[in-house]
1. Go through (1) closer than 21 Å to residue 191 by Cα; (2) surrounded by fewer than 16 Cβ atoms within 10 Å (Cβ to Cβ); (3) not aromatic (Phe, Trp, Tyr) for residue 68 and report which single condition fails.
2. How many residues does the range 51-65 contain that are open to solvent by 20 Å² or more (accessible area, probe 1.4 Å) and not in a helix (DSSP H, G or I)?
3. Please specify each residue of the range 156-186 satisfying the condition of being within 29 Å of residue 258 (Cα to Cα), in a helix (DSSP H, G or I) and open to solvent by less than 10 Å² (accessible area, probe 1.4 Å).
4. Quick check on the range 4-20. Is at least one of its residues under 21 Å from residue 141 (Cα atoms), crowded, with 20+ Cβ neighbours inside 10 Å, in contact with a Gly (Cβ under 8 Å, 6 or more places away or on another chain) and of a type in the set (Ser, Thr, Tyr)?
5. Could you identify the single residue in 260, 209, 224 that is assigned to a helix (DSSP H, G or I) and under 30 Å from residue 2 (Cβ atoms)?
6. Against the condition over 20 Å from residue 20 (Cβ atoms), out of contact with any Lys or Arg (no Cβ under 7 Å at 6 or more places or on another chain), modelled with pLDDT of 95 or more and open to solvent by 80 Å² or more (accessible area, probe 1.4 Å), how does residue 229 come out, does it pass?
7. Can you tell me which of (1) closer than 21 Å to residue 144 by Cβ; (2) polar (S, T, N, Q); (3) touching a Phe, Trp or Tyr at 6+ places or on another chain (Cβ under 8 Å) is the one residue 198 doesn't meet?
8. May I ask you to say which residue of 177, 146 is over 21 Å from residue 20 (Cβ atoms) and either more than 18 Å from the chain's Cα centre (by Cα) or of a type in the set (Ser, Thr, Tyr) (or both)?
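The values are calculated or read from the model by the stated rules, or taken from the named source; none is laboratory data. Bear in mind that the values here come from a model prediction, so they are computed numbers and not experimental data. Here the Cβ is made from the backbone with ideal geometry for all residues, glycine too, and neighbour counts use every protein chain on show. Quick note on the areas: whole protein, heavy atoms, side chains included, nothing else; ligands and nucleic acids left out. Shrake-Rupley method; radii C 1.70, N 1.55, O 1.52, S 1.80 Å.
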Amino acid sequence: MNYYQDKKIWITGASSGFGKALTTSLLKCGAKIVITARRKELLEEIKEVSPYSEKVIVQPGDMSDLESLDSLSQRAWDAFKGLDIIILNAGVSQRSFFRDIDYQTGVKLFDINFFSQVKIVRKVLPLMEKQGEGHIVSVTSLSGLIGSPLRSYYSSAKHALHGFYDTLRPEVWGSGIKVSLIVPGFLKTDISYHAVTSNGNEYGKMDPLQNAGTPPEKEVTKILKQLKNKKREIYIGYTLNARIAKFLGKYFPGILSVILRKIS
């Protein structure tokens, strides 16, 4: 039987891009999915056009509203009477120098990209432990491995996710809970369009590196295979530029810093 058949999965940031591609593929694999994003109409559209609509539950939610996430998580858990996998994909990028961005806008970026996941995991983890098993999956970023100009809060939040989950993983060892990180390089999605600028407005442009990235649909088969195997970290969308940046960041950070200064 297909590994994902009847698996109960919650995906945040499911209305477009990577989250939507994952949702579509997992439904084809027979999974039951709770989909979450801010815009209910986009989620409803995904459900309506899917030939597996009976296996989709729409659960809108705003990751910046931290106080609402306990109840949102409980509703997602109750939708199918438990969850086997949560895929925390929702996030918002940034295109602004640190000196220019409004502080509260920066705090909101950190809430969406980091504390929303912490809040959800804090609620779902004991439920999974009581259940005896579960798989927590976080979508981070190449920006969580290397610092990038114009992404101070976004990159910091993604770095924090790596620290958080690297700490959580040994804490839950032996409890039946697995932790995986999906670390995209450059995927051709609309993430740069919705990135926030210094005043909190949308950037509204496609980055050249993003435009040259890999369509997320091409990476899904690889992702599902590695998630099935509970792989610790899964790297996708690693174009030549992304591979070079990752290599330099790990082994020659000084050289990478010079390159990034020129880009900046």
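1. The single condition residue 68 does not satisfy is (1).
2. 9
3. 157, 158, 161
4. Checked against the condition, which is being under 21 Å from residue 141 (Cα atoms), crowded, with 20+ Cβ neighbours inside 10 Å, in contact with a Gly (Cβ under 8 Å, 6 or more places away or on another chain) and of a type in the set (Ser, Thr, Tyr), the range 4-20 yields at least one hit.
5. Selected residue: 224, the only one of 260, 209, 224 that is assigned to a helix (DSSP H, G or I) and under 30 Å from residue 2 (Cβ atoms).
6. Working: over 20 Å from residue 20 (Cβ atoms): yes; out of contact with any Lys or Arg (no Cβ under 7 Å at 6 or more places or on another chain): yes; modelled with pLDDT of 95 or more: yes; open to solvent by 80 Å² or more (accessible area, probe 1.4 Å): yes.
Yes: the conditions hold for residue 229.
7. Unmet condition: (1).
8. Numbers: 146 fails: either more than 18 Å from the chain's Cα centre (by Cα) or of a type in the set (Ser, Thr, Tyr) (or both).
Only one candidate qualifies: 177.
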